[in-house]
Amino acid sequence: MFRFSRLICLFAVGYFLFIYKVLADDVSAYGKKKFDDDCAPQSRLVTISIDYYDFDGVRQRGTIKTLDTISSSLKTAFNHLYVKKFPIYHADASLIPDGPISFDDTGSENLNNTASYACREITGGGLPSVHAYGAAIDINPRENPYIGFDETDNPDVRVVREIIPAEGWMYLTREQFREQKDEHKGIVDGVVDVFKQQGVLRWGGDWNNPIDYMHFEIYRDNAILFLTMDRNESVQYFNRYKAFYKSCQRAFPKEYRQRNFNDLSRAIAKKEYDLKPVDIYLDPTRGFYDLMSLATEAINNPMKEYCLFDTHTGSEQFESFRSDSNPAVSEIDALRAIK
């Protein structure tokens, strides 16, 4: 009897170790890891066709290469621009090579080409541009220039270092109509909300240094999350991401008109305190479905502490977002500080 019980125990232990190995191998084979390449793989990029009106009011057909996660939303945004008859000078994805290039090699700014994907570093170098993930888009670069500043001895004074493209100096005045001047066509200031409604929340025109009027992007941490996920998962999360923005916008219309908004990923990081969405997704005990559950809860309960981004020093909300009290949000903000 003792020998039989011992055999049963040995069998149970062996079976447990076998199952553990299978599960461990399965997790390893699944290959979930945080995306850390310099550029999005070509398998995750798609080329969309858009209709637009050029600066002469003539209907044109263009192409934009972008991340598959946001491609449908980006196409919807350009459909809205087409209905508004917002002019686009040119849009040709074939002008930008697939492989790594330098900022100066893109040519889009000098050709006034509206484009998304470009496997390059940020202006000034140092790390991948969000363009390299296919998660940013530049619109009419000449009419919406990039302006870089240098510091001076006076902390309140900056001097212009560069304007890209050089012809963009004519469009530093952001008025479409001026006395005895030609119309400034293709200025994006009036269509920023078109992109926000499609989840492209960050506009370079809101920055202090540099100011990058042409530039719209998905936050860097979200682009990395999308590329960590597979396409279907990333689309599902991005749909929740857009729904959260709209839910909060309905709850706090005045604040959202004033661009005091938060986004889903930062809200989840605040709620989970020391976990970012990508951490939850990669956690084998939680994963995609837990992340989606948190997203749905945030959408259905648009609370001020999650919908708004209060930066007033001393406020309860500001203190809760401080880097020394919320490491998950701090990591996200560190990524977002990169222009």
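The values are calculated or read from the model by the stated rules, or taken from the named source; none is laboratory data. Since the structure is predicted, the reported quantities are computational estimates derived from the model, not experimental observations. FYI the Cβ positions are ideal-geometry reconstructions off the backbone, even for glycines, and counts take in every protein chain you see. Just so you know, the surface numbers come from the protein's heavy atoms only, side chains and all, with ligands and any DNA or RNA stripped out. Shrake-Rupley method; radii C 1.70, N 1.55, O 1.52, S 1.80 Å.
One table, with the values for the structure above:
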item	result
Subset of segment 214-239 [of a type in the set (K, R) and crowded, with 18+ Cβ neighbours inside 10 Å]	R220
Residue list for segment 48-75, filter: open to solvent by less than 20 Å² (accessible area, probe 1.4 Å) and within 16 Å of N112 (Cα to Cα)	Y52, G62, I64
Top-ranked residue in segment 100-120 [being modelled with pLDDT under 95, hydroxyl-bearing (S, T, Y) and part of a loop (DSSP other than H, G, I, E, B); ranked as least open to solvent (accessible area, probe 1.4 Å)]	T106
Scan of segment 125-151 for residues that are open to solvent by 50 Å² or more (accessible area, probe 1.4 Å) and modelled with pLDDT under 95, ordered by number	G126, D150, E151
Every pair of residues 6+ apart whose Cβ atoms lie under 7 Å, when the first sits in segment 296-325 and is among the β-branched types (V, I, T) while the second is modelled with pLDDT of 60 or more	T296/R240; I299/R240; I299/A243; I299/F244; I299/S247
Candidate set from segment 311-329 (those that are in contact with an Asp or Glu (Cβ under 9 Å, 6 or more places away or on another chain) and surrounded by fewer than 16 Cβ atoms within 10 Å (Cβ to Cβ)); member that is modelled with the highest pLDDT	P327
Residue count for segment 218-241, restricted to those that are without any contact (Cβ under 8 Å) to a residue 12 or more places away in the chain and assigned to a helix (DSSP H, G or I)	2
Condition broken by F288, with the remaining ones in (1) at pLDDT below 95; (2) more than 23 Å from Q197 (Cβ to Cβ) satisfied	(1)
Residue match in segment 79-99 (condition: part of a helix (DSSP H, G or I), in contact with an Asp or Glu (Cβ under 8 Å, 6 or more places away or on another chain) and within 30 Å of Q236 (Cβ to Cβ))	yes
Matching residues, segment 199-214, being more than 11 Å from the chain's Cα centre (by Cα) and outside any helix (DSSP H, G or I)	W207, N208, N209, P210, I211, D212, Y213, M214
Which listed residue, of G186, G204, G190, is buried (at least 20 other Cβ atoms within 10 Å of the Cβ) and over 25 Å from G124 (Cβ atoms)	G186
Hey, G148 free of Cβ contacts under 8 Å to residues at least 24 places away in the same chain, within 25 Å of the chain's Cα centre (by Cα) and farther than 27 Å from Q198 by Cα or not	no
Index of the failed condition, V278 passing every other in (1) surrounded by fewer than 16 Cβ atoms within 10 Å (Cβ to Cβ); (2) at pLDDT 95 or above	(1)
Any hit, segment 88-105, residues being touching a strand residue (DSSP E or B) at 6+ places or on another chain (Cβ under 8 Å) and in contact (Cβ under 8 Å) with a residue 60 or more places away in the chain	yes
Hits in segment 147-189 (condition: touching a His at 6+ places or on another chain (Cβ under 9 Å) and basic (K, R))	R174, R178
Sole exception among (1) open to solvent by 40 Å² or more (accessible area, probe 1.4 Å); (2) without any contact (Cβ under 8 Å) to a residue 60 or more places away in the chain; (3) in a loop (DSSP other than H, G, I, E, B) for P284, by number	(2)
